[in-house]
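Worksheet: one structure, shown below.
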Amino acid sequence: MPETNDDIPSEEKVAEEVLAPYLIEAARSSRSKCRTCKRKIEKDMLRIGVLLEGPYGTGYLWHHLNCAARRRFEDVEAAYEEVSWADDVKVPPLEELKKLQEAAEKKKAEKQDSPWAERAKSGRSKCKNCDETIEKDTWRVILDREVEFFGQTRTTQVNIHTGCVAAELATDDCPTEVDGFEDALRANCRGLSEDEFKDILEAVGELF
């Protein structure tokens, strides 16, 4: 539902039919939320409004400008082409926002599919199943976990002790299936020798 009241500039209330497709401005309060990251947009932070015409009226859906650059750069680019901000609003160069998009795309491309295994790079990580520390250089398995985030279900990757894999797979929040786990693990483990893979499976143990 579009933002209303103080989150919509006064001219929008008077003449919705002349609303521009985009609006970049400093947030007038801290009441609006970013539709990309779901977090509060603090007062005076740059935000971009994307016009929405729906059954409840016409208004802007707000995003942090940087969040929009990472996830919906086409809207940011269109807003810059139309100079969708007032004269007193200072916006960053489009090239800077383009770099945010490129970095986000690179990170997404490099993300490894679950399940996969690696040796813990430090002794700081914890197993999300038992909440105990995963010792440095020991094997850990990365699994998917579904979490509720502002009313939406999102999938995140979590570190699991090899010995806790069976328990984690049995939870309702783990979308990884027991059937096919070994094949998926093998396919996603990059650069591991056959002996290393056997060590991991032995540490995981029986899953049934």
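Key figures for this structure:
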read-out	value
Of all residues in the range 99-150 being touching a Ser or Thr at 6+ places or on another chain (Cβ under 8 Å) and among the acidic types (D, E), the one that is nearest to A187 (Cα to Cα)	D144
Selected residue (criterion: modelled with the highest pLDDT) from residues of the range 71-113 that are closer than 19 Å to T156 by Cβ and assigned to a loop (DSSP other than H, G, I, E, B)	D113
Residues that are under 19 Å from V178 (Cα atoms) and surrounded by fewer than 15 Cβ atoms within 10 Å (Cβ to Cβ), drawn from the range 113-129	D113
Hits in the range 71-86 - residues which are surrounded by fewer than 17 Cβ atoms within 10 Å (Cβ to Cβ) and either within 17 Å of D44 (Cβ to Cβ) or small (G, A, S) (or both)	A78, A86
Number of positions in the range 35-50 that are at pLDDT 95 or above and either under 15 Å from R72 (Cα atoms) or among the aromatic types (F, W, Y) (or both)	4
Out of L94, L65, sole residue that is surrounded by fewer than 18 Cβ atoms within 10 Å (Cβ to Cβ) and in contact with a helix residue (DSSP H, G or I) (Cβ under 8 Å, 6 or more places away or on another chain)	L94
Failed item in (1) β-branched (V, I, T); (2) in the same structural domain as D199 (by TED's automatic domain parsing); (3) assigned to a helix (DSSP H, G or I), with V141 passing the rest	(3)
Contacts under 9 angstrom Cβ, first residue in the range 25-52 being under 18 Å from R154 (Cβ atoms), partner β-branched (V, I, T) and part of a strand (DSSP E or B), 6 or more apart	R35/V50
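The values are calculated or read from the model by the stated rules, or taken from the named source; none is laboratory data. Computed from a predicted structure; not experimentally measured. No Cβ is skipped: glycine too gets one built from the backbone with ideal geometry, and neighbour counts run over all protein chains shown.
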